[in-house]
1. Only four residue types carry charge here, +1 at the Cβ of Lys and Arg and -1 at the Cβ of Asp and Glu. Report the dipole size of the chain about the Cα centre in Debye, rounded to the nearest 20.
2. Bins of 5 Å, beginning at zero and ending with the bin holding the largest distance: percent of Cα pairs per bin for the stretch 80-169, please.
3. Between the stretch 10-38 and the stretch 83-99, what is the separation of their alpha carbon centroids in Å?
4. At 7 Å along the Cα-to-beta-carbon direction for both Asp235 and Arg205, put a label point, then send me their distance in nm to one decimal.
5. If I model a spin label at Glu172 and Glu28 as a point 7 Å from the Cα along the Cα→Cβ vector, what separation in nanometres do I get?
6. Roughly how tilted is helix 167-181, in degrees to the nearest 10 and between 0 and 90, from the longest Cα axis of the chain?
7. Please compute the contact order of the stretch 118-348 in relative form: average sequence separation of alpha-carbon pairs under 8 Å and at least six residues apart, divided by the residue count, as a percent.
8. Between the stretch 100-174 and the stretch 248-266, what is the C-alpha centre distance in whole Å?
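Throughout, read-outs are computed from the coordinates displayed, never taken from laboratory work. Since the structure is predicted, the reported quantities are computational estimates derived from the model, not experimental observations. Cβ coordinates were reconstructed from backbone atoms using ideal geometry, including for glycine residues, and neighbour counts include every protein chain displayed.
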Amino acid sequence: MRVESLDVAAFTVPTEQPESDGTLVWHETTVVVVEPTAGGVRGLGFTYASAACAPLIRDVLRDTVVGTDAMDVPGAWTAMVTAIRNQGRPGIASMAIAAVDIALWDLKARLLDLPLARLLGMVRPATPIYGSGGFTSYSTRQLVDQLAGWVNDDRIRSVKMKVGRDPAADAERVRAARNAIGPAATLMIDANGAYSAKQAVRLARAFADQDVSWFEEPVSSDDLVGLRTVRELIDIDIAAGEYGYDLPYFAHMAGSGAVDVLQADVSRCAGITEWLRVAAVAAAHDLGVSAHCAPSLHAHPACAVPNVVHLEYFHDHARVDRLLFDGVLDPSEGMLTPDLTRAGMGLELKRADAERYRRAA
Ligand SMILES: [Mg+2]
């Protein structure tokens, strides 16, 4: 059965308020949605990326994919990677391929009337999540309300906050967060590469009594020596990998001793086809994989990978997904469980609701 058509659209949803982390400020989230069809069945995939992905998909990827066998997703993926050679593999091109690849996996699962997790083959029925937000733009009150809400109301046992915008304030914010979530919950922090190695080590020592168990991108993830230096000097686990787009990137990071856990984002690293291989690279280095953001996209593939440790339940994406899609999974007892009664990822675009967010792209 051949892929017959492929539609693409971009939607931009404003944040509730301006948000920031250690190195970026943003006020909206753009979702690029891809819908291929085969045999009268429509698949759905998307990425959180610039709307510039949409014309790239229309101009370069669509003709590459239409006409391929809908059962042979890795074949379509290989053709897409070949087609974008002169555009450069990292960045926009990989995010565009990700949206199409995910949509093709979803389409194949629907054609076979299988949930995507079953098509991939499951190693677990559900994946642990951690609540992720705690933006540097939040007041201390907003910060502690969000983190404590996840722990106390939603029974999510691990939470992550941003640091790095104001180094002088970080230790106090970490202290306030620990105080709000209690001693039993797991507290994680993410500097988004805001610090130098020595700054990061000094900061970690300043909150050494707060039982922080995860320090993400204490320095730029391009600085593998810096990551390894911090990792050797403090006890906290070091994580990075969210800006990985291709296999060599992850192989370098995993092989350099820079991280304790490798992060990988299916909406950036060219989709499910490559994400599964990234997990294999991590496994070869005896590293766990943490799914970066995009909880709706990771729920199914995360259940298919033995060395996945958890999945990031990112505030913005959880919110945007509910505005744009039906079938978004609700966390339960700190886990995200794929709905095995629905084919594919179990998501449907809310066409009428999404229209107000559509952009000309
Ligand atoms: Mg991060």
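1. Details: 34 positive and 46 negative charges, 38 e Å.
In total the dipole reaches around 180 debye.
2. 3, 11, 13, 9, 10, 14, 16, 14, 8, 3, 0, 0
3. Taking the Cα centre of each part, the stretch 10-38 and the stretch 83-99 sit 19 Å apart.
4. 1.5 nm
5. Once both label points are built, they end up 3.5 nm from each other.
6. Helix 167-181 sits at roughly 80 degrees to that axis.
7. Values: 464 pairs, mean separation 49.0, N = 231.
Result for the stretch 118-348 is 21 percent.
8. 20 Å
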